[in-house]
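The values are calculated or read from the model by the stated rules, or taken from the named source; none is laboratory data. Note that this is a predicted model, so its numbers are computed, not measured. Methodologically, a virtual Cβ is constructed for each residue, glycine included, from the backbone with ideal geometry; neighbour enumeration extends over all protein chains shown.
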């Protein structure tokens, strides 16, 4: 039989699937599965965001798409703290201004508001940014995506610009601007742990398996131990040691009997025997002393 020919999948440039670039320190860890974890919750996030924008901000918006990136640099994000570490929130000013105008019902000359970068950010923008940051982060980083609900607090003292992983959200109804949630490596590690144990912790408790005495004994019997035999020992002074030069011949005497150690503890003495060019330990004598613990 002829072997089946290998199939080659050809993609158009604009439909090329997203590739996850992994650094050396990330090899062996399922970083490529993090986007799937978020995409599996797309409908849940879409519903939550739509309800949030409608009830809290009185605007119509829905989740359009999510993009993901590793090791990103952001200046001056809005930083939060949890019991695991830090996360942050970034929103484009053009999106923030459009949400602000829709929230207050202000008139706009076009479908969107163009920000003037020469003007400083107003207090109203800052308040809305803080409100959106904390509430949207809490909506997205939840039990479905993170494995548990987190208590998120503002962390004004932290100064972090490099982030391990980020998710950028595009909203349906706002064609300009995005917002991004940034996670440090502590939160990424927790998400990876959730992926490795998807069945644990759904009710807050993980399943524990107990081993039988026979299984414990078998595991104990299979523990690896390394025996070290001290073939030669030599006592020298510091002066004699400093006088040693390359090519010097040092007379030594082979230990008889040979002390055998496990780690730093001597277990027994043994004699050395030779058979067909191989050395063997024989005539062993136990050297362990019984210890009493009271």
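Observations, loosely collected:
- In segment 141-164, the qualifying residues are those that are in contact with a helix residue (DSSP H, G or I) (Cβ under 6 Å, 6 or more places away or on another chain) and part of a loop (DSSP other than H, G, I, E, B), and the one that is surrounded by the fewest Cβ atoms within 10 Å (Cβ to Cβ) is 149.
- Answer residue from segment 9-51, given it is in a helix (DSSP H, G or I) and at pLDDT below 60 and is nearest to the chain's Cα centre (by Cα) among those: 26
- Residues of segment 258-276 that are within 52 Å of the chain's Cα centre (by Cα) and in a loop (DSSP other than H, G, I, E, B): 263, 264.
- Residue identified as modelled with pLDDT of 80 or more and outside any loop (DSSP other than H, G, I, E, B) among 283, 248: 283
- Exactly one residue out of 256, 243, 221 is out of contact with any helix residue (DSSP H, G or I) (no Cβ under 7 Å at 6 or more places or on another chain) and at pLDDT 85 or above, and it is 243.
- Verdict on residue 167 being outside any strand (DSSP E or B), at pLDDT 85 or above and over 16 Å from residue 57 (Cα atoms): no
- Set side by side, the residues 75, 64 differ, and just one is outside any helix (DSSP H, G or I) and within 26 Å of residue 172 (Cβ to Cβ), which is 64.
- Filtered residues of segment 264-280 (kept if on the phi > 0 side of the Ramachandran plot and modelled with pLDDT of 80 or more): 276
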